[in-house]
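Okay, structure first, notes after.
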Amino acid sequence: MIIDIHTHIFPPEIRQDRNACFPSEDAFYRLYSDPRACMIGARELVDTMDAEGVDRSVVFGFPWRSADRFRQQNDYIMEAVARYPDRLIGLACFDADHPAAAEETLRCLEGGLSGVGELAYYEGGITEENLDRLTPVMDVCREKDVPVLIHTNEPIGHNYPGKSPNTLSQIYSLAQRFPDNRLILAHWGGGVFFYALLKKEVREALQNVWYDTAASPFLYDAAIWETAARIIGADKILFGTDCPLLKPTRYFREIDASPLSAEDRALIKGGNAARVLGLTV
């Protein structure tokens with residue numbers, strides 16, 4: 001089974017008039033003000049999955065500041081999952097600093113979603129104050145035994161829309177703060193997995209962390225697949241595309257051309273995600 005752990009879909013109201021969201025949603029403006037920034041709905045995603053050979057996709061929207069907007073978005077995700085129960089797996093998404101974040105988490109899990117994500121701190125990094133406010137959400141997810149997917153990115157290199165000012169120390173503090181939660185760090189965890197080579201502390205602190213590969217062909221040399229597998233193990237890597245940013249075929253070419261074994265490639269393409277999500281394959 002091939003599972004894409006990282007895709008975005010939006011309700012028709014937002015797709016048809018994204019400009020209406022810009023005045024009150026600075027981060028959304030940064031990522032989607034360019035008309036070339038593609039936005040799709042559930043039907044378009046399933047069509048892409050069919051064309052690209054993906055069995056199931058994990059879907060979510062955007063971490064809106066507005067409670068009305070993130071509830072609208074999450075309602076759409078719940079509707080999409082109900083419409084395509086054998087294809088789509090939904091996560092609840094919202095501004096994790098919002099006072100209603102834990103309440104929304106519980107509402108969405110009771111409504112059929114399978115976890116939380118992609119939470120993001122696009123404008124200020126991941127501070128200790130952010131982690132304090134995130135704690136009630138993580139408490140709910142730990143109690144319900146569901147994963148949490150959080151946007152991270154490499155703290156050096158070129159800038160691009162959606163690149164947050166997070167640091168490696170902040171990403172590491174996130175894992176340290178919530179050791180009993182199943183954490184998925186987007187975009188290879190910003191490279192924090194490299195420090196699992198340290199002899200003390202880090203590998204243990206990251207033991208409940210997985211890394212998705214969203215946007216990898218844009219960001220990293222194809223050697224990242226084998227390198228990451230050697231450092232943390234292929235069982236910690238989750239195939240994710242950031243679709244519609246990139247289609248799965250772009251990733252499959254790199255994975256299949258890598259020195260990884262057929263068994264490891266199968267784990268990355270879906271076996272690991274099935275385990276993290278509690279699916280039967």
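Residue 240 fulfils the conditions (1) surrounded by 21 or more Cβ atoms within 10 Å (Cβ to Cβ); (2) not in a loop (DSSP other than H, G, I, E, B) except for a single criterion, (2). Taking the stated definitions as given, is residue 65 basic (Lys, Arg) and in contact with a strand residue (DSSP E or B) (Cβ under 9 Å, 6 or more places away or on another chain)? Taking the combined requirement at face value, the residue does not satisfy it. Close contacts from region 54-69, counting a first residue that is in contact (Cβ under 8 Å) with a residue 60 or more places away in the chain and more than 10 Å from residue 9 (Cβ to Cβ) and a second that is of a type in the set (S, T, N, Q) and part of a loop (DSSP other than H, G, I, E, B), with Cβ to Cβ under 9 Å and a gap of 6+ residues or different chains, come to 54/241; 58/114. Counting only helices (runs of 4 or more DSSP H) that fall entirely inside region 1-65 and contain at least 1 residues that are hydroxyl-bearing (Ser, Thr, Tyr), the qualifying elements are 26-32, 42-52.
Restricting region 1-43 to residues that are of a type in the set (D, E, K, R) and touching a residue at least 60 places away in the same chain (Cβ under 8 Å) leaves a set whose member that is farthest from residue 262 (Cα to Cα) is 26. Filter region 28-62 down to the residues that are among the charged types (D, E, K, R) and either crowded, with 20+ Cβ neighbours inside 10 Å or in contact with a strand residue (DSSP E or B) (Cβ under 9 Å, 6 or more places away or on another chain) (or both), then identify the one that is farthest from residue 97 (Cα to Cα). Here the residue is 52.
Rule-based calculations on the coordinates, nothing more; no lab input. Values in this document were obtained by computation on a predicted structure and should not be read as measured data. Here Cβ is always computed from backbone atoms with ideal geometry, including for glycine, and neighbour counts include all displayed protein chains.
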